[in-house]
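Report on the following structure.
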Amino acid sequence: MTTSAFRWQRVLLYAVLIIGSLLCLFPFYWLVRSSMMDLAQIFEMPPKWIPEPFVWRNFIEPFEQLPFGRYFLNTLIIVVGTLIGTLLSSTIAAYSFSRMKWVGRDKVFAILLTSMMLPFAVTLIPTFIGWQSLGLINSYAPLIVPAFFGGGVFNIFLLRQFYMTLPRELDEAVFVDGGNHFTIFTRIILPLSRSAVLVIGLFTFLNTWNDFMGPLVYLNDESKFTLAIGLQQFQGMYTAQWGVLMAASLIIVLPAILLFVIFQRYLIEGIALTGIKG
Amino acid sequence: MQSMTETAQRRQTISKSSLSSIRRRENWLGWLFAAPAILGFIIFVFGPMIASLWLSMTDYKVASTPHFVGLENYRNLFNGTDAFFYKSLGVTLYYVILSVPLQIIVAFFLAILLNQKVKGLTFFRTAFYLPTIVPLIASSMVWLWLFDPDMGLLNIIMRALHLPESQWIYSETTVVPTLVLMSLWTVGGTMVIFLAGLKDIPDHYYEAIEIDGGNALHKLLYITIPLTSPTIFFNTIMGFIGGFQVFVQPYVMTQGGPNNGSLFYIFYLFREAFTFSNMGYACAIAWVLFIVIMLFTFLLFRTSQKWVYYEGEGR
């Protein structure tokens, strides 16, 4: 291949990548730009690229018209509860399935794995009826409690894969020194698997933060809503008032993006490693 | 010195006298550690699954006693009594068949580009991945705004380029393709998985093709695609399962319309269950979905033997 042909190929490659990534980033730009415009600016033709002047009122409106501060707190309660449950129970279960020997272990694990194939729709209605009969509809229990029971088979699966790569000699050394499984788990396995636990924590955070159907099914009281449900309510109140709607959307998007930017190295390695997409 | 003899002694004690008691202890301790996960499976997966199967054969509505009706719910679904069933199945299949191959092709193509030792890899990767982080409810709002027929940016651009405007999600015929287009925005997750697969291909495979006088197309057809076929297979299955369960977009953006043009399957199920309170019927709808997904996965697995190449399998 001649050098000039090679150079043209590189130019084309970068052109496609740059255009592609700009297309991906464009909706973000449009979101931010529109969130700082009043109606007159929004509907101006031809459209302006930069708000002039910047309108900050849109960001106050959601907090005045709906208890967005309360929604924020509610979402955080659910996220933190789910995080604690998931991290506690998935690490313990993964430890049992990878580093303890007990009768029927691998068979039990194989059975648990089958639940990954099951669409959530199949269990949705009986689970709902179950929580209803316990009188726990319109509480956070249905959204948080399941996380304490295993924290998701997929997470157990990932951690188990990781734990199996750690050398057995570590466990034996602890036993010889008079330690037990609890010591191995807390002193050896957990510290060594910090990065895997971090990835699972991040995805759990994002999934819970983004969850729409769970809160939609289980929460009725406006005071208990999450941000995602709140935004949907807001949409009903502000049809076609794009500036305010974009501002409200941005309030939900920003924390997720912030977290992503801080931890993106771990996240992308984690996805590559595991195949979860969030 | 002393600690070493102590250790040795302890090791001996362990290996001789208490080995079987340790085994026994480990046996019940193992069960104990796994108990929350096992209980969770019974309470939140297996139990509801059986309950759902049973409910699907009843006429259960909220606040009534369920009566066993056998396969009547299923019969009503399949014999066309409920026209929405076939409609929603059709809409969802249309979406899946259009979106999954497109997503795979675009993600694969982008991953190949990013694998060419480009400068600024981190930037590009982040840019392509970022949309997948956005809560679906928020991205639905943004796209709702972009798709607005009068004031939305997409039609403004179409007008400026003298191209025919589209009604996007507001027309029965364009709503599904438009949602497919929107789904391509979040192709970055799939791309990152492909990128990891591509990184695993050793350079000397490509060098061998170069020595034999092969070009880029040969490399793609004889090295890249065969060696990433397990990843293609994985992403296809995940794409199918995800595509069958689209819910937020129709719920927030179109309410299943216009004229049921975006009556996605889970949206239809949700409406039966939580708007019309037909819980038993909705369970039957859910089980049909389960069977459809299993069928698709099974078919993919069957064909996979023909096109998925696992290294070390030696063919």
The set of residues whose placed amide H lies less than 5 Å from the amide H of B:Thr58, leaving out same-chain residues fewer than 5 positions away, is B:Val69
Mind checking the full-extension length gain between A:Asp221 and A:Thr239? Use 0.36 nm per residue of separation minus the Cα-Cα distance, one decimal, nm. 4.3 nm
Which one, B:Phe78, B:Leu55, B:Trp168, projects farthest toward the positive side of the charge dipole computed for the stretch B:54-212 from Cβ point charges (K/R +1, D/E -1)? B:Leu55
Restricting to Cα pairs under 8 Å and 6 or more apart, the percent relative contact order of the stretch A:1-100 works out to 16
Extension gain, A:Glu169 back to A:Val103 (0.36 nm per residue minus Cα-Cα distance, nm): 21.6 nm
Report the residue, chosen from A:Leu73, A:Leu259, A:Leu17, that carries the largest GNM mean-square fluctuation when chain A is represented by alpha-carbon nodes joined by springs under 10 Å. A:Leu17
Counting only protein heavy atoms, probe 1.4 Å: which residues of the stretch B:254-283 lose 10 Å² or more of accessible surface in the full assembly compared with their chain by itself? B:Ile266, B:Leu269, B:Phe270, B:Phe274, B:Met279, B:Cys283
Using the Karplus curve 6.51 cos²θ - 1.76 cosθ + 1.60 with θ = phi - 60°, what ³J(HN,Hα) values do you get for each residue of the stretch B:43-60, in whole Hz, with x for Gly and Pro? 6, 9, 10, 5, x, x, 5, 5, 4, 5, 4, 5, 4, 5, 10, 10, 9, 4
Peptide B:104-114, shielding by other chains (average Cβ, 10 Å cutoff): 2
Cβ-derived FRET efficiency at R0 22 Å, A:Phe263 paired with B:Phe109, nearest 0.05: 0.20
What's the FRET efficiency of B:Ser171 with A:Met45 using the Cβ-Cβ distance as r and R₀ = 25 Å, to the nearest 0.05? 0.65
Per-residue ellipticity at 222 nm for the protein assembly as shown, helices alone: DSSP H runs ≥ 4 residues times -39500 (n - 2.57), over residue total, nearest 500 deg cm²/dmol? -21500 deg cm²/dmol
Semi-axes of the equivalent ellipsoid of the stretch A:192-238: what are they in whole Å, largest first, if each equals the square root of 5 times a C-alpha gyration tensor eigenvalue? 30, 11, 7
Rg and Dmax in Å for the stretch A:65-274, alpha carbons only: what are they? 20.1, 69
Per-residue average of Cβ from other chains inside 10 Å of B:50-61: 2
Taking beta carbons within 10 Å but only from partner chains, what does the mean come to for residues A:247-259? 3
If packing is taken as the average number of other Cβ atoms within 10 Å across a peptide's residues, how do B:59-69, B:118-128 rank, most packed first? B:118-128, B:59-69
In Å, the Kirkwood hydrodynamic radius of the stretch B:99-162 over pairs of distinct alpha carbons? 14.3
Compactness summary of the protein assembly as shown: radius of gyration and Dmax from Cα atoms, Å, are 26.7, 90
At what distance in nm do the modelled label points of A:Gln132 and B:Leu153 sit from each other, each positioned 7 Å from its Cα along Cα→Cβ? 4.3
Length-normalised contact order for chain B - Cα pairs under 8 Å, 6+ apart - percent: 27
Rule-of-thumb check for the stretch B:73-307: C-alpha Rg over 2.2 N^0.38 Å? 1.19
Pop a pseudo-label 7 angstrom from the Cα along the beta-carbon direction at both A:Leu73 and B:Thr297 and give the gap in nm to one decimal. 4.2
Quick one: Karplus J couplings for the stretch B:81-88, per residue in order, coefficients 6.51, -1.76, 1.60, θ = phi - 60°, nearest Hz, x for Gly and Pro? 4, 9, 5, 5, 4, 5, 4, 5
What does the charge dipole of chain B about its Cα centre add up to, to the nearest 20 debye, if the Cβ of each Lys and Arg holds +1 and the Cβ of each Asp and Glu holds -1? 1060
Rank B:Ala216, B:Ala107, B:Ala34 by mean-square fluctuation in a GNM of chain B with C-alpha springs under 10 angstrom and give only the top-ranked residue. B:Ala34
Using the Cα centre as the reference, give the magnitude of the dipole from point charges on the C-beta atoms of chain A (Lys, Arg: +1; Asp, Glu: -1; all else neutral), rounded to the nearest 20 debye. 720
Over 25 Å between Cα atoms, which of B:Lys119/B:Lys199; A:Lys107/B:Lys199; B:Lys119/B:Lys219 qualify? A:Lys107/B:Lys199
For the stretch B:255-269, 3J(HN,Hα) per residue [Karplus equation, 6.51 cos²θ - 1.76 cosθ + 1.60, θ = phi - 60°, Hz, x = Gly/Pro]: 6, x, x, x, 6, 6, x, 10, 6, 5, 4, 5, 5, 4, 4
Cα centroid distance between the stretch B:267-284 and the stretch B:126-152, in Å? 29
Whenever you get a sec, compute what percent of the accessible area on the stretch B:175-307 sits on carbon and sulfur atoms (1.4 Å probe). 65
For the stretch A:85-188, Kirkwood radius (reciprocal of mean inverse C-alpha pair distance, Å): 15.7
About the Cα centre of the protein assembly as shown, how large is the charge dipole given +1 on each Lys and Arg Cβ and -1 on each Asp and Glu Cβ? Please answer in debye to the nearest 20. 1480
Stretchable slack from B:Ala208 to B:Phe123, in nm (0.36 nm times residue separation minus alpha-carbon distance): 27.5 nm
If I take every Cα pair under 8 Å that is 6 or more residues apart in the stretch A:66-206, average their sequence separation and divide by the length, what percent do I get for the relative contact order? 42
List the aspartates and glutamates whose Cα sits under 20 Å from the Cα of A:Lys224, skipping any in the same chain fewer than 8 residues away. A:Glu61, A:Glu64, A:Asp211
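The values are calculated or read from the model by the stated rules, or taken from the named source; none is laboratory data. Just so it is clear, the structure is predicted and the values come from calculations on it, not from any experiment. Neighbour counts run over all protein chains shown; Cβ positions are idealised from the backbone, glycine included. Protein only, heavy atoms only, side chains kept; ligands, DNA and RNA dropped before computing areas. Shrake-Rupley method; radii C 1.70, N 1.55, O 1.52, S 1.80 Å.
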